[in-house]
Amino acid sequence: MKTTVFTFLLFTLIASSAYTQNGNQWVEKVYNVKGNWSITEKNGQHYFRLGSNFNTLAGPNLKLYLSPLKMSEIKNREAIDKEGGVLIAELKSNKGSQQYKLPEDINLTDYKSIVIHCQQFAVVWGGVDIEK
């Protein structure tokens, strides 16, 4: 019984933290992006969080995308949505703590980065590489 309970708890801890990632390194493309970020999982749902020290230049129509490309593969003016990117949400602010629910119908392991992109001027601000 004790072994079964311990195995269940260990499995639960490993499964719930499988996609937990965090960092403060951003890959800049056109503009400076700084601050802590994390991907967390709660009750089977993934979230992308920006820390209170997040900061970048304000711009029109800034959006967050999941991309199947690593940041090094993305060109400065690439249309992220045309390269298989999936919209997460419009960026709420160019600074400060924020949280975004990742789309439920995607497999996170199919994506290699999260990108800040200005659709209006087709400019990639920057982003972070995520691990599988």
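Since every read-out is calculated from the coordinates, none of them should be taken as a lab result. Owing to the predicted nature of the structure, the values given are computational and were not obtained by experimental measurement. So basically every Cβ, Gly included, is an ideal-geometry build from the backbone, and we count neighbours across all protein chains shown.
By the rule of a C-alpha distance below 30 Å, with chain neighbours fewer than 8 residues away ignored, the lysines paired with K92 are K29, K34, K42, K63, K70, K75, K82, K101, K112, K132.
Counting charges near L66 (Lys, Arg +1; Asp, Glu -1) among other residues having Cβ under 10 Å from its Cβ returns a value of 0.
Sorting the segments 83-93, 59-69 by their mean number of nearby beta carbons within 10 angstrom, highest to lowest, gives 59-69, 83-93. Between the listed residues N24, L102, I80, the Cα displaced farthest toward the positive end of the dipole of the stretch 20-129, a dipole computed from Cβ unit charges relative to the Cα centre, is found at N24. The charge dipole of the stretch 20-129, taken about the Cα centre with unit charges on the Cβ atoms of Lys, Arg (+1) and Asp, Glu (-1), comes to about 360 debye, rounded to the nearest 20. Couplings 3J(HN,Hα) of the stretch 84-97, computed from phi: x, x, 10, 5, 8, 4, 6, 5, 5, 7, 8, 7, x, 5 Hz, in residue order, whole Hz [Karplus 6.51 cos²θ - 1.76 cosθ + 1.60, θ = phi - 60°; x for Gly and Pro]. Residues whose amide H falls under 5 Å from that of L102, counting only those 5 or more places apart or on a different chain, are H46, Y47, F48, with hydrogens built in the peptide plane. When each of the peptides 122-129, 42-49, 23-30 is scored by how many other beta carbons lie within 10 Å of its residues on average, the order from highest to lowest is 122-129, 23-30, 42-49.
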